[in-house]
1. If each of Asp178 and Thr63 carries a label point 7 Å out from its Cα toward its Cβ, how far apart are those two points in nm?
2. I'd like the orientation of helix 45-54 relative to the chain: the angle between its Cα long axis and the longest Cα principal axis, in ° from 0 to 90, rounded to 10.
3. If we restrict to alpha carbons, what Rg and Dmax does the stretch 153-280 come to, in Å?
4. Report, in degrees rounded to the nearest 10, the 0 to 90 angle that the Cα long axis of helix 239-250 makes with the longest principal axis of the chain.
5. Looking only at Cα atoms, what is the convex hull volume of the stretch 95-195 per residue, in Å³?
6. Pulled fully out, how much extra length does the chain show between Arg33 and Arg215, if you take 0.36 nm times their separation in residues and subtract their Cα-Cα distance?
7. Which listed residue (Asn93, Ser57, Phe170) has the Cα farthest towards the positive end of the charge dipole for the chain, taking +1 on Lys and Arg C-beta and -1 on Asp and Glu C-beta about the Cα centre?
8. Helix 2-18 against the longest principal axis of the chain: what's the angle in degrees, Cα atoms only, rounded to the nearest 10?
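The values are calculated or read from the model by the stated rules, or taken from the named source; none is laboratory data. In this text the structure is predicted, and so the values were computed from the model without any measurement. Reconstructed Cβ throughout: ideal geometry from the backbone, glycine too, with neighbour counts over all protein chains shown. Note: areas computed on protein heavy atoms with side chains; ligands, DNA, RNA excluded. Shrake-Rupley method; radii C 1.70, N 1.55, O 1.52, S 1.80 Å.
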Amino acid sequence: MMRLLLCAQLMFLALAAYATGQEGDVIYINGERLELLGRPICLDSTLYHTLKDELPSSRPIRTSNWDGFTAYWSMNNDRLYLDSVRCEAYDPNVKAVVGESIPSETLYRIFNRYSAGNRIVASWVSGKFRVVKGKVIYYQHTGFERYYEEEKILTINHGEVIEMKAYHNFVNDGFAFDKLQQNGAQEMLHKILPLHIEHYPELAHVKRLVFRVKRARVDEKGNLLECDVQVVKPDVNPQLATEIAEALKTYHPWKVYFINGEYRAWGIENWAIPYILHDM
């Protein structure tokens with residue numbers, strides 16, 4: 001029984017961590033401080049666990065930072081370097097982030113195989129990483145699922161930055177399904193979707209239907225170019241989903257996110273949309 005309870009607790013903690021926005025590391029590029037949305041140290045499990053064993057047990061642990069440390073990096077001459085590791089937290093009394101660095105001798109002992117002179121070269125790191133600053137323009141309360149006005153995507157191969165693309169992200173305002181939570185939402189929805197329910201006798205005694213939009217594609221002007229619609233309930237003629245999709249494509253403008261070179265339709269996709277057919 002105790003083992004089952006422990007497993008359940010660990011699973012709950014893992015899910016809680018996954019469902020919480022995570023803090024990034026810090027990186028300096030050309031002297032500018034930016035946030036690195038990732039934890040490159042964790043790419044090498046041996047390094048990661050060796051480092052954690054050296055961290056003070058009294059360090060602050062938060063759901064947004066279960067490791068209890070923040071790594072500081074820098075990029076010079078297209079190489080990624082690990083500069084320091086700090087155990088830190090925001091102190092509301094002084095309204096600042098406070099903490100302490102892991103001693104240099106400890107850090108160099110852990111990362112000895114990657115040291116070159118007085119620097120630690122992050123040659124265990126490969127992959128794509130987002131480096132961000134500015135205003136958050138899209139946020140989901142999970143992992144690093146958030147996007148900023150200014151982003152750089154670094155492509156790293158064994159510590160060498162082989163490509164860096166910079167983007168200015170923005171939002172073009174328009175209608176989005178999250179606005180259906182507001183007063184008058186059904187009136188707006190019926191304006192967008194004037195469905196001909198008389199063509200569907202199976203809906204005669206149904207008070208509402210629920211549908212989802214998937215694979216939506218929009219342009220910069222808020223036009224919905226294409227999408228797939230699924231009527232979740234009730235079971236109804238598939239033609240209704242086609243009718244909804246066509247009606248949605250006639251509406252303009254939809255809310256559009258321009259994120260790292262692509263137009264995204266996050267305000268349209270994957271919402272469970274209730275459509276009231278008759279007064280409840």
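1. Going from the Asp178 label point to the Thr63 one covers 1.9 nm.
2. Here the helix axis deviates by roughly 60 degrees.
3. Looking at the stretch 153-280, its Cα Rg and Dmax stand at 18.4, 64 Å.
4. Tilt of helix 239-250: around 70 degrees.
5. Looking at the stretch 95-195, the number lands at 200 Å³ per residue.
6. Computed gain between Arg33 and Arg215 is 61.9 nm.
7. Farthest along the dipole direction, towards plus: Ser57.
8. Roughly 80 degrees between the two axes.
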